[in-house]
Every structure is written in structure tokens, then in C-alpha cells.
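A.B. asks: Just dropping this structure here.
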Amino acid sequence: MRVVAKFGGTSLGSGDRIERAANSVADAVEAGHEIAVVASAMGSQTDDLLEEISFDADPADRAEIVSMGERTSIRMLKAALAARGVDATFVEPGGDDWPVITNERGEIDAEATQRRVDALAEKLGDTVPVITGFLAEGPEGDVTTLGRGGSDTTAMMLGNYLDADEVVIVTDVEGVMTGDPRVVEGARNVGSITVDELRSLSFRGAEVVAPSALVYKDEDLGVRVVHYQHGDLLAGGTEIEGSFEHLIDMEEAPLSCLTVAGRAIRNRPGILSEVSETLAEADINVDAVASGMDSLTYYVEKAVAEDAEATLHDAVVADDSLSSVTVEDDIAVIRVTGGELPNRPGVIRSLVDPLAEAGINIHDLITSATSVAIFVAWADREDTLDIVHEQF
């Protein structure tokens with residue numbers, strides 16, 4: 001089996017932990033598996049280095065300085081593997097075997113990287129490459145960085161390009177938990193989770209796998225998250241299932257927009273739950289909901305709009321803080337969901353500006369961690385869909 005094992009900073013935070021990491025790699029090699037290792041900087045070394053840059057450093061100099069954390073880690077881990085009789089080679093930017101190449105814009109050059117990875121793959125089995133995470137090499141040979149969570153991105157990308165069977169993310173949590181064990185009593189490990197679920201959690205603060213890394217997860221690539229104390233690269237932890245696909249979808253049937261107005265709705269605890277519950281009791285499905293300071297907006301299928309209006313009207317009459325409900329028909333929704341969406345600065349503007357130039361009014365725009373829903377007049381749906389396709 002071909003495995004990419006990524007060791008996070010906490011899993012390499014001391015000599016003892018480096019030895020534990022080396023033991024797990026050595027055991028996998030002894031069992032006959034091809035292993036490539038991606039290493040983060042030890043502990044908080046990268047953050048410590050950044051804090052010490054109190055002067056106005058050139059970006060190239062800054063990248064060289066912060067790269068020292070990963071460069072130290074791979075040398076430590078390579079030496080620990082050699083002490084166990086494992087043939088290992090450290091791989092860093094500037095070296096002949098270095099695989100991760102970026103273009104002039106700082107984005108990963110897929111074609112150049114794939115060629116480098118193919119060359120690296122020929123050596124798997126004969127040696128264990130110990131590769132710096134987080135770092136890349138620019139088109140002029142300069143050191144660049146992949147941003148926060150870049151070691152996860154390195155590991156997942158290499159797993160994809162190497163046609164690995166599995167990527168194992170070794171970290172300081174026992175896989176994905178039902179809640180933060182430091183806050184929630186009784187939090188437990190989740191045996192498996194989908195890419196979509198994990199991406200949403202990661203983008204909203206769950207420090208398990210960097211959201212940008214999950215772009216490289218496809219159906220054929222297994223991914224697991226394990227605790228560094230587990231000691232076994234090939235079992236345990238949380239399995240990440242599926243793949244995160246880039247989709248552009250348009251609802252086939254027209255929607256209706258129902259707006260409930262009221263005084264200081266935003267400051268009224270439980271009002272969203274109370275009003276929404278009336279629709280649930282009437283067996284009316286809500287396609288989307290948005291809230292403002294003095295309003296709640298529900299999108300439902302046009303076919304049930306009259307029933308939804310009657311139901312919400314009853315809620316308005318029964319609650320003195322609510323004043324009125326209005327309905328607007330023939331609304332279309334186009335949703336964009338996918339890989340690079342949360343990591344594209346200006347993505348909302350890239351959608352809004354072309355629509356404005358085309359004279360299309362946006363009725364509503366609702367975003368989540370991994371998707372954007374654009375609501376427009378039904379008559380504008382095809383033009384909107386064409387513009388969204390052009391942008392993605």
C-alpha cells in the first residue's frame with residue numbers, strides 16, 4: 001500500500017514525539033508499505049519565527065526564515081528513521097527531488113508539480129522521502145509558502161498526485177470529535193465523516209484538516225485522521241469519505257419569497273425557531289432562510305407559497321412583535337458549491353459585478369462555508385447561470 005503520512009507540529013513537538021513518529025513510519029515500512037512523509041515545523045516554531053520578524057522583511061526573506069521550522073523537522077525525522085535502519089531522504093525546496101512548484105501568482109502549478117511527483121514516485125519503496133510541508137518553490141526557484149494549513153495541503157496534494165492509497169493526518173486529536181473535548185463533556189470520536197461535513201467544520205474553525213487541503217480528496221484517495229499517540233499509521237482514527245466536488249446547480253422549479261416583518265426581531269431570542277416551527281408543522285419545506293434586524297425571509301416552492309403565507313399569517317396575528325407577511329413569486333436560485341470557493345478572495349465580487357453589468361438584479365445572496373446561493377428573478381435565471389459558469 002502507498003501511504004502519505006503527514007505529521008503536524010504537535011506530533012513532532014519534542015524529541016520523544018519525533019521518535020514516536022519515526023517508530024510508526026518504520027513499522028509501516030517493515031510491513032512492506034511505500035511511505036512518503038510530510039512534516040510540519042516542530043511545535044509552534046513557525047509562529048515563533050514569525051513573531052521575531054519585527055522588521056519590514058521582504059516577502060522572499062520572510063519565506064526563507066519561516067521555512068527553517070520545516071527544514072529542521074525533516075532533518076530530525078530523517079535522522080530518527082536512519083537510526084532505525086530505514087533508508088530515508090529529506091526533501092526541501094531547492095533540492096533535485098523537490099516536487100511542489102507554484103506559478104507567478106503563487107498558485108500550485110499542477111503540470112510542473114505532477115512531473116516532479118512522478119519522478120519522486122519512482123524512488124518510493126527504495127527510500128522514504130521526508131518532505132517539508134507548507135513550502136513550495138516558485139518559478140524562479142525562490143521559496144514560497146502555501147498559507148495556513150499548508151502542510152495539510154502538501155500531504156493531500158501529494159497523495160492525489162502519487163495515486164496513493166491513503167493519506168494519514170497525524171495530529172493531536174483522536175480523529176474528528178463530536179465536539180471540542182476541552183469544552184464539551186463526553187465528546188467522542190467520530191468513526192467516519194464526509195468531505196462536505198468536514199470542510200464546513202474546518203472552514204468554521206475546527207482544527208482537523210485545512211479546508212484548502214480537501215480540494216485534493218477524490219473518491220479513490222483514502223484519508224484518515226489519527227492521534228500521534230496511536231502509534232499505528234494503518235488503522236484507527238476517523239475516516240474521511242467521499243470527495244468534495246465543484247458543482248453549479250439551478251433549482252428547476254420557481255420559488256416564492258415570503259418575508260415576515262417585525263420589531264427588533266434580531267433581539268428576540270427564539271423567534272426564528274418559533275416562526276420556522278409553524279412551517280414545519282404545516283409540512284412545508286424551506287429551501288433557504290435569511291434573517292435581518294427587522295425581518296425573516298423564507299424561500300419555498302411556489303406551489304406551496306399560498307399555504308406558507310397562510311401559515312405565517314397565523315403566526316403574525318398570534319405574536320404582537322410581528323407585523324406583516326408579504327410574498328414575491330417567481331424567484332430562481334443558482335448555487336455554487338465546490339473546491340476552491342472558500343479560498344478565493346473576492347469570490348462574491350466576481351459573481352456580483354458581472355451580474356450588475358448584465359443588468360440582473362440580485363434578489364438575495366446567501367453564503368455558507370462552502371457554497372453561495374444567488375436568488376434572482378425567474379426570467380433572469382438562464383443569463384445568471386451562464387454568467388456563473390463563466391466565472392467558475
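A.B. asks: Of the numbered conditions (1) surrounded by fewer than 17 Cβ atoms within 10 Å (Cβ to Cβ); (2) assigned by TED's automatic domain parsing to the domain that holds Ile366; (3) touching a strand residue (DSSP E or B) at 6+ places or on another chain (Cβ under 8 Å), Pro269 fails exactly one; give the number of that condition.
C.D. replies: Against the list (1) surrounded by fewer than 17 Cβ atoms within 10 Å (Cβ to Cβ); (2) assigned by TED's automatic domain parsing to the domain that holds Ile366; (3) touching a strand residue (DSSP E or B) at 6+ places or on another chain (Cβ under 8 Å), Pro269 comes up short only on (3).
Conditions (1) in the same structural domain as Arg199 (by TED's automatic domain parsing); (2) closer than 30 Å to Asn23 by Cα; (3) not in a helix (DSSP H, G or I); (4) not charged (D, E, K, R), marked per residue:
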{"residue": "Thr113", "(1), (2), (3), (4)": "yes, yes, no, yes"}
{"residue": "Val117", "(1), (2), (3), (4)": "yes, yes, no, yes"}
{"residue": "Ile131", "(1), (2), (3), (4)": "yes, yes, yes, yes"}
{"residue": "Ala136", "(1), (2), (3), (4)": "yes, yes, yes, yes"}
{"residue": "Pro139", "(1), (2), (3), (4)": "yes, no, yes, yes"}
{"residue": "Thr144", "(1), (2), (3), (4)": "yes, no, yes, yes"}
{"residue": "Arg148", "(1), (2), (3), (4)": "yes, yes, yes, no"}
{"residue": "Asp152", "(1), (2), (3), (4)": "yes, yes, no, no"}
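A.B. asks: Follow-up question, since we're still on this one. Just the residues that are touching a Ser or Thr at 6+ places or on another chain (Cβ under 7 Å) and of a type in the set (S, T, N, Q), please, taken from region 369-392. So that I can check it myself, show each step before the final result.
C.D. replies: Start the filter on region 369-392 by keeping residues that are touching a Ser or Thr at 6+ places or on another chain (Cβ under 7 Å), which leaves 369-371, 374, 376, 391.
Listed by number, the residues that qualify are Thr370, Ser371, Gln391.
A.B. asks: So Ser202 ticks every box in (1) of a type in the set (Ser, Thr, Tyr); (2) touching a Pro at 6+ places or on another chain (Cβ under 7 Å); (3) modelled with pLDDT of 90 or more but one. Which box is left unticked?
C.D. replies: It fails just one condition, (3).
A.B. asks: Here's another thing I want to ask about it. Run Arg148 past the list (1) farther than 17 Å from Asp109 by Cβ; (2) modelled with pLDDT of 90 or more and report the number of the one that doesn't hold.
C.D. replies: (2)
A.B. asks: Restricting to region 97-114, name every residue that is at pLDDT below 90 and charged (D, E, K, R). Before you say what the answer is, go through the steps one by one.
C.D. replies: Step one: list which residues in region 97-114 are at pLDDT below 90, which gives 103-108.
Correct list: Glu104, Arg105, Glu107.
A.B. asks: Okay, moving on. Given the conditions (1) crowded, with 18+ Cβ neighbours inside 10 Å; (2) touching a residue at least 60 places away in the same chain (Cβ under 8 Å); (3) within 23 Å of Leu158 (Cα to Cα); (4) not aromatic (Phe, Trp, Tyr), report the number of the one that Arg17 does not fulfil.
C.D. replies: (3)
A.B. asks: Related question: Any chance you could count how many residues in region 101-160 are of a type in the set (S, T, N, Q), out of contact with any Lys or Arg (no Cβ under 8 Å at 6 or more places or on another chain) and within 15 Å of Ala213 (Cα to Cα)? Step through it out loud before you land on a result.
C.D. replies: Narrowing region 101-160 to residues of a type in the set (S, T, N, Q): 102-103, 113-114, 127, 132, 144-145, 151, 153-154, 160.
Retained after the next criterion (residues that are out of contact with any Lys or Arg (no Cβ under 8 Å at 6 or more places or on another chain)): 102-103, 113-114, 127, 144-145, 153.
Filter once more, so that each one left must be within 15 Å of Ala213 (Cα to Cα): 145, 153.
Adding up the residues that qualify gives 2.
A.B. asks: Confirm whether Asp109 is closer than 21 Å to Met1 by Cα, among the charged types (D, E, K, R) and crowded, with 18+ Cβ neighbours inside 10 Å. Spell out the reasoning first.
C.D. replies: On the way: closer than 21 Å to Met1 by Cα: no; among the charged types (D, E, K, R): yes; crowded, with 18+ Cβ neighbours inside 10 Å: yes.
In short, no.
A.B. asks: Does Leu312 qualify as being part of a strand (DSSP E or B), touching a helix residue (DSSP H, G or I) at 6+ places or on another chain (Cβ under 8 Å) and either in the same structural domain as Val173 (by TED's automatic domain parsing) or surrounded by 12 or more Cβ atoms within 10 Å (Cβ to Cβ) (or both)?
C.D. replies: On the way: part of a strand (DSSP E or B): no; touching a helix residue (DSSP H, G or I) at 6+ places or on another chain (Cβ under 8 Å): yes; either in the same structural domain as Val173 (by TED's automatic domain parsing) or surrounded by 12 or more Cβ atoms within 10 Å (Cβ to Cβ) (or both): yes.
No; evaluated as a whole, the condition is false for this residue.
The values are calculated or read from the model by the stated rules, or taken from the named source; none is laboratory data. Every value quoted in this text rests on a predicted model; they were computed, and no experiment measured them. Using ideal geometry, Cβ is built from the backbone for each residue, glycine included, and neighbour counts are taken over all protein chains shown.
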